[in-house]
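Structure first, then comments.
No value in this document is a laboratory result; all are computed from the given coordinates. Nothing here was measured: the structure is a model prediction, and the numbers come from that model. When we count neighbours, we look across all protein chains shown, and the Cβ atoms used for this are built from the backbone with ideal geometry, even at glycine.
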Amino acid sequence: MSAPGRPLPFVSPWNEFYWTSGADGRLRIQECASCAALVHPPKPVCPHCQGSGIGVRAVSGFATLFGFTVSHRFALPGLPSPYIVAQVALEEDPRVRLTTRLVDCVEEDLRLGMRMEVTFEQVEDVWLPLFRPTAEQPEQPAPLPEDELPAERVRTLVRSAPSARKFEDDAVLSGIGRSAIGRRLMTDPLALTVEACRAAVADAGLAMEDIDGLSTYPGGGLEHGMGEGGVTALEAALRIRPAWFNGGGETFGPGGSVIAAMLAVSAGLARHVLCFRTVWQSTHDHLLRQGVLGGGGGGRVGGDMGWGMPFGATSAAHVLAQTAQRHFHRYGTTRETLGWIALNQRANAALNPTAVYREPMTMDDYLGARMITTPFGLYDCDVPCDASVAVVVSAADTAGDLRVRPIRVEAVGTQIIERLEWDQSTSTHEPQVLGPAGHLWTRTSLRPDDVDVAQLYDGFTFNCLSWIEALGFCGIGEGRDFLDGGKNIARDGVLPLNTHGGQLSHGRTHGMGLLHEAIVQLRGDAGARQIDNARVAVVSSGGLTPSGVMLLRSGT
């Protein structure tokens, strides 16, 4: 029996073969009758040949160790830390990777490319496929399987613009606002949202009655500390009566809600759309620990998380840590490489009175911090906080009526090219950065050298490194050399990065804070942290969701 609260997968008629096949000690995977490809997670069609003849095949249970991370921070009932989360590539079809937990081994004995074998743990009605090293190992670990779509080839699949007309030209970013930000503010998250929204509307020189659209991410629900209840909650409080609204989690964070607002303005559905993003995770987690909020506990986990959470892969950190490990393995990246990003954000935060963490940090501090999940330490991870950020998107022809000179969106990058499933996607970079980055540059004549300041998603240090390479500020795998000990991303470097402190030191606002800072920089309002002559900014959001990126510029 499982310990109370331990997550187990949601077993359906369509995946039952996987979660119960261990009853006879055999691992089973879907197989396409047309091309013999193995398919995982289960699907009704083959993603390789689009064949619909999908059966189930018992496989050998042997695999190659494709990635692993030792989780020190995340304990589950019946699964105390540390434990080893891993990805293995099946020998029959290395394109298939399984998220799993390793047993009968210690970290020091593990090497990428080792041969692994399946073993099963029965928990209630589920047989979890775990893996361990085989008794006999080859003299040298096997090379890691290549991605179906190598990182260097992603750009070749970018779609060209369907027309010369750009919807980006029809909208401007006219106002910004932000609530108080901090750790455990113990404030109603809807109150934070109202504070930020009122500030953004006033900043644009508008009245609340001018707002005829609302757009947010991820929408309703406040039980997880990631929102105030969405459009429903804000409309119930302010009674704006919008002609158009948008909310939902299946977009690349707040950036997706802003682009949706731009599309609504371009289509004539609204003139002034209020976009907002609220987090109260710091307070939420504090109340959860105190027992004030129900913990939800256990239950059955569906969707993409259902393939990893039963093995202890409870966070995006467990996926990205393994991706970072493969970047280290292939390109010679080091923990110090990521450390320069963390130190840069902290140095910038020291100049920002609203940042959560402003104390000086050294490389020794970074390397000596407690481990979260290898190779990520405490300072590789963003800072949970309570805050709300709002942006007003207005029709471009209203620019003359606004309080401040608006910011233009030069181009957006939104194309999905890489696989979306976390553990099946690009193996050496944050999934979903290469496609949007390539797409961005097809919608503008500007190039990376024209960018004056970059606000790149940094839920983890490795997110930033992925975006730097994906956007072409250096070549794939060249991030370590590009950083040059942090010089090139400093405020006086070639690519000033996350100038307000980023999510690593300013606070986790899920990308909306990055957009806020980009607008502040292009307005020239950043005070001590202002980048001279900032005219073009790139800003990204998303992190293991579908990601996206925007290129902004000052001027009318």
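Data table
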quantity: Residues that are touching a His at 6+ places or on another chain (Cβ under 7 Å) and not in a loop (DSSP other than H, G, I, E, B), drawn from region 470-521; calculated: Ala470, His506, Gly513, Glu517
quantity: Close pairs from region 375-395: first under 17 Å from Trp244 (Cβ atoms), partner among the aromatic types (Phe, Trp, Tyr), Cβ under 7 Å, at least 6 apart; calculated: Ala390/Phe276
quantity: Residues satisfying the stated conditions in region 335-386, i.e. surrounded by fewer than 17 Cβ atoms within 10 Å (Cβ to Cβ) and basic (Lys, Arg); calculated: Arg370
quantity: Some residue of region 27-34 being among the polar types (S, T, N, Q) and closer than 30 Å to Pro375 by Cβ; calculated: no
quantity: Those residues of region 449-468 which are among the acidic types (Asp, Glu) and buried (at least 24 other Cβ atoms within 10 Å of the Cβ), in sequence order; calculated: Asp458
quantity: When residues of region 39-70 are limited to those that are under 16 Å from Gln424 (Cα atoms) and in contact with a Cys (Cβ under 8 Å, 6 or more places away or on another chain), the one surrounded by the fewest Cβ atoms within 10 Å (Cβ to Cβ); calculated: His48
quantity: Positions within region 393-427 being closer than 30 Å to Gln322 by Cα, β-branched (Val, Ile, Thr), buried (at least 23 other Cβ atoms within 10 Å of the Cβ) and touching a His at 6+ places or on another chain (Cβ under 9 Å), in sequence order; calculated: Val412
quantity: Selected residue (criterion: surrounded by the fewest Cβ atoms within 10 Å (Cβ to Cβ)) from residues of region 201-246 that are within 25 Å of the chain's Cα centre (by Cα) and farther than 24 Å from Asp285 by Cα; calculated: Phe245
quantity: Residue in region 446-467 that is β-branched (Val, Ile, Thr) and in a helix (DSSP H, G or I) present; calculated: yes
quantity: Some residue of region 476-483 being touching a Ser or Thr at 6+ places or on another chain (Cβ under 8 Å) and buried (at least 24 other Cβ atoms within 10 Å of the Cβ); calculated: yes
